[in-house]
Amino acid sequence: MAHSPWQKRGRGQARGGVAVPPQRALDRHRLRRLLGAVGAVSADMDTRIVLHRIVEAATDLVAARYGALGVLSENGKIIDLITVGVDDPHLCAALGLPQGHGLLHTLVEDREPLRVANVATHPCSVGFPPRHPVMRTLLGVPLVVRGNVYGDLYVADKLDGTPFDDDDEGLLTALASAAGVSLENARLYQQLKRAAEHFQRRMLPVLPDLSPLEAAARYEPASELPRLGGDWYDAMVLPDGATCVVVGDVTGHDVEAAPLMGQIRNMLRALALDRCGPPGLVMSKLDHALTMFDDPPTATLVLGRIEHGGAEGGGYTFGWSNAGHLPPLLIGADGSTRYLAPARHGIPVGIDASVSRFSHNHPLPPGSTLLLFTDGLVERRDQDIDTGLSDLAEQAARLATAPLEELCDTLISRSRKVFDDDVALLALRTPSDSPAQ
C-alpha cells in the first residue's frame, strides 16, 4: 500500500488571513493526522480489521515505507503478523512469523518505545532472513491492553530518508495508546457476540428422532449485534403419533426477544401436547394464553402437524395454521416447488385473540421435502422479498434429492456471508416409499 509523505505548510502561510508560525502549523497538522489515524482505527469492531488499520494508520502517520504488528500469545510468542509495505503475499508466507528475538524481543521485554537509527549496527540486531526487505531505521512501540503486551507495533524507513525523531515517537506512542483501547473494545465486542450466540443456540431444541420422517434444522444469528433474536424452530412427536413442527419469529431483535421466544415456544409446546387438535385450534389457544401478559408479545409463526394415513393412498398429510408468517415451501422429489399459501392468512399471535384461526391441509408426496423458515433467509435490504422467495425456490429445486443436512447448509450459506436478520430453518422429508398400512 503506497503512502504519501506529509505536505508541510510553507513558512508564513496564512490561515484565515492570519499568519501562522511554521512550527505551530506543523503541530496542528500532526494533531489532525493523529486524530484521523485514531478515528480510522476505531471505525470497526472486527479484531482482524482493527489490527490492519492500526498498522496502516501507523505507517501513514509517520510516513514510513514499512509497518508491522506482531500479535503475541500469553507466553510472549508471536502468533500472527500484520504487515504493510511488503506487497508480495507469497513472500510474506515464505518468510513466516518472526521468532521474537533480537530487536523485537527487546521491544516487548522493555515495554518502552524503541528508536534505532541504523538497524545493522544495533547490538541487539540479528539481521534479516533471506529475501526480507533490508530496513535501515526502525521505530517500535509496545501495544499494551489492560497492562498486558498484546503485540509490538513497529515501522521502518521513512519515505523521505530521514531518521525517526522525537515527534514520530510521540505520534506512534499516542496512536498505540488509543489503538489499545480500540483493540480491547473489538475483543470485548467479539466475546459478546459469541456469548449472545451461545445463549440463543442453547434455547433452541435438539431435534428428536422423527422416524420415518427425516429432519434437519439450522439457526444462524444476525451478523451484527444484537445477536439475540426471536427466531426459533421446534419439532416433536405428539401423543397421538402425529409430528408437530413449528417455525416462528418474535417481534423485535433486542435482548428481550430471545426470552420471549423461549416463553412462547414453551407455551406452544404445552398446548400442542395437551390438545393434539387441528393447528388452528392450538394457535387460537396460544392467542388466548398470551393475554396473560400486560403487554402481550407478538410473533409470526407456522404451526404444522404431519400425519400418516390421512392422504389419498395412505401417504402423509401436512396440516398447518399460519400466523402472519412466510409460507412453507414444498419441494417435490422431481424438483417441483410450491409455496403453501392459502388465501386465508392469519395475523400474528398476540394481537387480537378474538380473530379466527384457520387450519389447512396438503398432501406430502413420497420423497418430498417441506421447508419452514424465517424471513432472514430470503430478505435483503436491496431487493423485494418476492425475489428472495423465488431465488430460494429455485435453489431448493436443485437440491430436491440432496441429503437434508447438505440442503440446509447450502440454503443458509447461499450467496452471502452477512445476515441482516437471524435465520431459523427446519426441513422435513417423507420416505420415498410410504410404509404399508
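Every read-out reported here was derived from the displayed coordinates using simple, explicitly stated rules and does not represent laboratory data. Everything quoted here is computed from the prediction, not taken from an experiment. For neighbour counting, all protein chains shown are included, and Cβ atoms are generated from backbone atoms with ideal geometry for every residue, glycine included.
So what does log10 I(q)/I(0) come out to for region 292-378 at q = 0.10, 0.13, 0.26 Å⁻¹, using the Debye formula with one equal point on every Cα and no solvent?
Once normalised to I(0) and log-transformed, intensities are -0.30, -0.49, -1.33.
Can you give the FRET efficiency for residue 341 and residue 237, using 1/(1 + (r/R0)^6), R0 = 30 Å, r = Cβ-Cβ distance, to the nearest 0.05?
0.65
Sticking to Cα atoms, compute the Rg of region 351-430 to one decimal and its Dmax as the biggest Cα-Cα distance, whole number, in Å.
Cα only, region 351-430: 14.8, 43 Å (Rg, Dmax).
Summing Lys, Arg as +1 and Asp, Glu as -1, what charge do residues with Cβ under 9 Å from the Cβ of residue 138 carry, residue 138 excluded?
Every neighbour counted, the sum reads +1.
Within 10 Å, count the other beta carbons around each residue, average over each peptide in 164-175, 371-382, and list them highest first.
371-382, 164-175
Take each of the peptides 421-432, 383-394, average the number of other beta-carbon atoms within 10 Å over its residues, and list them starting from the highest. Working shown, then result.
On the way: 421-432: 22.4, 383-394: 14.1.
The packing order, highest mean first, is 421-432, 383-394.
Amide H neighbours of residue 346 under 5 Å, counting only residues 5+ apart in sequence or on other chains, H built in-plane at 1.01 Å?
Those lying under 5 Å, H to H, from residue 346 are 322, 324.
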